[in-house]
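Asks: Supplied in structure tokens, the structure appears directly below.
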Amino acid sequence: MAGGEGTPHYDAQALEEKWQARWAADRTFAAVVDPGRQPYYVLEMFPYPSGDIHMGHVRNYTIGDVIARQRRMAGFRVLHPIGWDAFGLPAENAAIQHGTHPARWTEDNIGRMRAQLRRLGLSYDWDRELATCDATYYRWEQLFFLRMLERDLAYKRRGTVNWCPHCATVLANEQVSDGTCWRCDGPVEERELEQWFFRITAYAEELLADLDRLDGWPERVVTMQRNWIGRSPGALIRFPLEDHPDEIAVFTTRPDTLFGASFVSLAVEHPLVADLVAGTPAEPEVSAFAARVRSSARSERTTGKEGVATGAYCRHPLTGERLPIWVANFVLMDYGTGAVMAVPAHDQRDFEFARAYGLPVRVVVQPAGEQPDPASMTEAWEGPGTLVGSKEFDGLDSEEAKTRITDALARRGLGEARITFRLRDWGVSRQRAWGTPIPVVYCARDGMVPVPEAALPVVLPDDLAFTGRGGSPLEAHESFVRTRCPRCDGEARRETDTMDTFVQSSWYYARYCSPRADGAPFDRVETDYWLGRHGVDQYIGGIEHAVLHLLYARFFTKVLRDLGFLALDEPFHRLLTQGMVIKDGAKMSKSKGNVVDPDHLVERYGADTARLFCLFASPPERDLDWSDQGVEGMSRFLGRLWRLVHGVVPRLAAPGSAPSLDADVDRELHRVTHHTIRRVTDDVVERLHFNTAIAAVMELVSAAVPVTETAHPATLRETIDTILLLLAPFVPHIASELWEASGHADDLAIAAWPSADPAALARATVELPVQINGKVRARVTLPIDASSDDVLQAALADPRVQAQLGGRSVRKHVFVPGRMLSLVV
């Protein structure tokens, strides 16, 4: 191989610092609006500033960087920003532990992580960096809140929440593990509190329908969102109470099973429960049961089937039969109406409950060819069938019966067709200080009053005391809490709840378009250019965000559209969910002791080796199994590339020279070079298969090594330039250094991406296998356009074919152009 004693030493750290400094000085990656060029917006989910990046970060951000660099070389104007998802509980935990303010802890971590990301050579426009804890960011979030409040898209009501008594805060479902708090490991209970909500359910139909437009998203993510939204057509059925003017409203997707209802179950939180048992013998038992259920975690309520009879009854809406009313632990107030029409024969949950408490089981839907016996059934039949025991509806199939029974209920004023959703309104209140303040005040005279838009932002105090005891530090901060009412100028109290951190990550992608805009949240020229009509061109992040973050971002985009801030229906056009980094059979984590330190990796091998391994070891959507040997292999390949280029520099023709195609070696090298261009372009642009793209370039390097002394200097120039151009998105530092060393004056980062010449892809000759009676006996090389007769004559003239024929005549021949010749003798 070319290269030897005169080859300079490959000092990865030195040349990486050189190129990173040059890119920064030249503002190479600045995103500039240019109406004459097509924009491309690539974005990775922004990190939480925990203090250190991990290999999952390296993989995620390197994937995005490859796309951004390639699109820039392909002629696009590229927006590739970075920022920090900076609010949240971990900062409060650190503040409590270290006796500091979350802002200082967060700022220190951002500084460290920023330096780590810069060392990877990521092509970010650092001028657009933002942090969600900056008041210049969250002031606009407060404005959005006020506008949503005007449109009844933000509202306050009592709601059931996960409550940690020790931390005195609401927890998201994701922050509860096995019924315990993720911060203190203490027990979590359910509690009803006044909470702020966003009315995401107002967009349920559109959120569901627009999933069909997301053809650039993984199907499993679309399916997860579809299931989370959970559209359920059915019927709302009213069961009149006995000796009481009220009624129990029940939603069911199976009105066809109405005649199998044998009791009704209520959630312990249902407002009728207290009225039904007040002053009755059942009151003490029901009250004690309700208190116990309320104090248990939601996950515990679905594991067992427990209940207590209220002693009250309601009436079947079509038969008038008395049905007992129970309270049950598994009925949840925020699902459906908080009441269940119990049909034990056709719902497994109801079946188990009925068997436990000796309640009737009635079969009213009979599967084909079977006659289930209620007395001997071991499980409910939840499928379709023919109605029995349902009076005038007997003999109907389930689907027709749903419509007919719903119509009958409607005629009596006791039911109607209804569509419900599993999706519930988004609870955004958090009882913690390190978050966006909710911009409302409470006045004894005027009640809840929005903060005037001109008074925004409501800024977090910088002298909060985080002790870990009691409630939010904001509640104890007198100068924050005590304020004046904007309407009457009387004494007022600020809201001390802050917004869920999912709110900040729901619109950050749009703020990147104009993060320094001061008069409005977005510069319309910038958002129209970068977001166009379909949003972020390529979004990249973990599958763990497939539902909540992505669903909330979709909802917020539609709200901002309707508020007049964006001209956009969906935020993310294409979505890539990258796999995890696995080591020793488990996801990398400090608790498992299997973490690879990115800093150590960069110090030992250089950023390009770290990048190349993360991209080559696995397709991006699959998990990556860590391999020390794999890292060594990538390091060796870069060393080989370094020696190859430096070794051939003296032989290379001037940049831009047209390749010579006179000799066979040049024609073949030219063909392989353009074949590689086509493969890599398809893999990077269309399929995002970076591992196979890198493998293709490695093959081109292997093809170039044997001919460095025999290929024409101009042809060799084309191949070496192509190798560096194709590798530039993956290993930008070494590729840029070798580009410069090989005589180029321009920066590789802004060089044009190569295009494959269709004429170069065609072979002049082809090697054809020759079969005799089904077995390959010889191979002949002929012009690619040789006719059937030419191929036959060439094969019959081949000594190996003649030996196999042994004088026998050919009875039949079959020629497949470009593939083979088959002889039958």
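The values are calculated or read from the model by the stated rules, or taken from the named source; none is laboratory data. From a predicted model like this one, the values you see are computed outputs, not experimental measurements. Positions of Cβ are generated from backbone atoms using ideal geometry, with glycine treated the same way; all protein chains shown enter the neighbour counts. We work out accessible area using only protein heavy atoms, side chains counted, and drop any ligands, DNA or RNA first. Shrake-Rupley method; radii C 1.70, N 1.55, O 1.52, S 1.80 Å.
Asks: Which FRET efficiency value, to the nearest 0.05, is calculated for Ala797 and Asp584 with the Förster distance at 45 angstrom and r the Cβ-Cβ distance?
Replies: Plugging the Cβ-Cβ distance into 1/(1 + (r/R0)^6) gives 0.15.
Asks: Shifting gears a bit: Under the rule of -39500 (n - 2.57) per DSSP H run of 4 or more residues, summed and divided by the residues of the chain, what mean residue ellipticity at 222 nm is obtained, to the nearest 500 deg cm²/dmol?
Replies: Only helices count here, giving -11000 deg cm²/dmol.
Asks: Mind running the shape call on segment 265-338? Use the C-alpha gyration tensor, a ≥ b ≥ c as the square roots of the eigenvalues: rounded below 1.5 for a/c, prolate if a/b tops b/c, oblate otherwise.
Replies: Verdict is oblate for segment 265-338.
Asks: I've got another one for you. Considering the values [x] 48.6; [y] 43.0; [z] 45.3, which represents mean projected area of the Cα convex hull in nm² as calculated for the structure under consideration?
Replies: Label of the calculated value: [x].
Asks: While we're on this one: Determine, from the Cβ-Cβ distance of Glu491 and Ala288 and an R0 of 41 Å, the FRET efficiency 1/(1 + (r/R0)^6), rounded to the nearest 0.05.
Replies: 0.45
Asks: I would also like to ask the following. Express in Å², to the nearest 10, the accessible area of Ser657 obtained by rolling a 1.4 Å probe over the protein heavy atoms while all chains stay in place.
Replies: Rounded to the nearest 10, that gives 40 Å².
Asks: Count the net charge of all other residues whose Cβ sits under 12 Å from the Cβ of Thr319, scoring Lys and Arg as +1 and Asp and Glu as -1.
Replies: +3
Asks: Shifting gears a bit: Give me the net charge for the shell around Leu568: Cβ to Cβ below 14 angstrom, other residues only, Lys and Arg +1, Asp and Glu -1.
Replies: With Lys, Arg at +1 and Asp, Glu at -1, the neighbours total -1.
Asks: Hey, can you grab everything whose amide H is under 5 Å from the amide H of Ser296? Only 5+ residues off in sequence or another chain; H modelled, so Pro and N-termini drop out.
Replies: Glu190
Asks: Extension gain Thr136-Met820, at 0.36 nm per residue separation less the Cα-Cα distance, in nm?
Replies: Length difference between fully extended and current span is 239.3 nm.
Asks: May I ask you to give the solvent-accessible area per residue for segment 128-180, in square angstrom, as obtained with a 1.4 angstrom probe?
Replies: 40
Asks: Keeping all protein chains in position, work out how much accessible area Ser398 exposes to a 1.4 Å probe, and write it in Å² to the nearest 10.
Replies: 0
Asks: Does segment 148-234 come out rounded, prolate or oblate, given a ≥ b ≥ c as the square roots of the eigenvalues of its C-alpha gyration tensor, rounded meaning a/c under 1.5 and, failing that, prolate meaning a/b above b/c?
Replies: oblate
Asks: Continuing with this model, one more query. Just the number, please: carbon plus sulfur as a percent of the accessible area of segment 1-103, 1.4 Å probe, no ligands or DNA/RNA counted.
Replies: Roughly 49 percent of what the probe reaches on segment 1-103 is carbon or sulfur.
Asks: Same structure, new question: Under the 0.36 nm per residue contour assumption, what length would be gained going from the current alpha-carbon distance of Leu193 and Val449 to full extension?
Replies: Taking 0.36 nm per residue and subtracting the Cα distance, the gain is 90.2 nm.
Asks: What's the ranking of 280-288, 504-512 by average number of surrounding C-beta atoms within 10 Å, highest first?
Replies: Descending mean neighbour count gives 504-512, 280-288.
Asks: May I have the count of lysine pairs in the chain with C-alpha atoms under 25 Å apart, counting pairs 8 or more residues apart or located on different chains?
Replies: 4
Asks: Once you place label points 7 Å from the Cα toward the Cβ at Arg231 and Val685, how far apart are they in nm?
Replies: If labels sit at Arg231 and Val685, their model points lie 3.6 nm apart.
Asks: Further, regarding this structure: With a ≥ b ≥ c the root eigenvalues of the C-alpha gyration tensor of segment 176-227, is it rounded (a/c under 1.5), prolate (a/b larger than b/c) or oblate?
Replies: Oblate shape, in that a/c is at least 1.5 and b/c is the bigger or equal ratio.
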